[in-house]
């Protein structure tokens, strides 16, 4: 039997400390981890920027709440945005909701597009026929927010996901306001 959301939110990813038995995850303050020889870490951690036990605990917990195998925690929303956009290659196309967060739109317009030359379009994602028509053969990412920030415009995520899967595009959902429980 699988655990309910509340149980997963409290316990998933949190393993008791093997030495002292603490049940709350500790905050890992180390930045560097022991390596018997250079490039050969003692554990899966080598430098805190690449991960540490606290971040791993958070990632396991988020993945559980989202019914996913994995989650990847970053230090800001724009770090996540830039990481996802870095998956695009020259010749790819990005399809973006017309009400995308202002910081994302500015980044795409002023930095991403001029530096990469990757084409992109903004459309009303509530018009599913337009979404289907706008996904090109080279569309690799369809980017939505639901609800959007700050106007709270909602998109039918399941319907857009179905179109993306049918056309082989990855769906990225920027989520400012909705928690995993919703």
Using the 10 angstrom Cβ neighbour count as an exposure proxy, how do 160, 100 rank, fewest first? 100, 160
Taking Cα pairs closer than 8 Å and at least 6 residues apart, the relative contact order of the range 83-130 in percent is 50
So how do 11-22, 166-177 stack up, highest first, on mean other-Cβ count within 10 Å? 166-177, 11-22
What FRET efficiency comes out for residue 9 versus residue 128 if R0 is 35 angstrom and r is the Cβ-Cβ distance? Round to the nearest 0.05. 0.60
Using only the alpha-carbon atoms, how far is helix 157-167 inclined from the longest principal axis of the chain? Give it as 0 to 90 degrees, nearest 10. 80
Only one of the listed values, [x] 57, 43, 30; [y] 53, 45, 28; [z] 51, 36, 30, was derived from the coordinates as Cα extents along the principal axes in Å; which label is it? [x]
For the chain, what's the relative contact order in percent, using C-alpha pairs closer than 8 Å and at least 6 residues apart? 16
In µm²/s, what is D for the range 30-84 at 25 °C and 0.890 mPa s, where D = kT/(6 pi eta Rh) by Stokes-Einstein and Rh is the Kirkwood radius from Cα pairs? 194
Bridge orientation stat for the chain from DSSP, antiparallel percent rounded to 5, came to 10
Against the longest alpha carbon principal axis of the chain, how many degrees, from 0 to 90 and to the nearest 10, is the axis of helix 53-65 turned? 50
Here P(r) for the range 96-182, Cα-Cα distances in 10 Å bins, as whole percents, is 17, 51, 30, 3
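FYI, it's all coordinate maths here, none of it is from the lab. These numbers were taken from a predicted model, which means no experiment stands behind them. Neighbour counts are summed over all protein chains in view; Cβ atoms, including those assigned to glycine, are modelled from backbone coordinates with ideal geometry.
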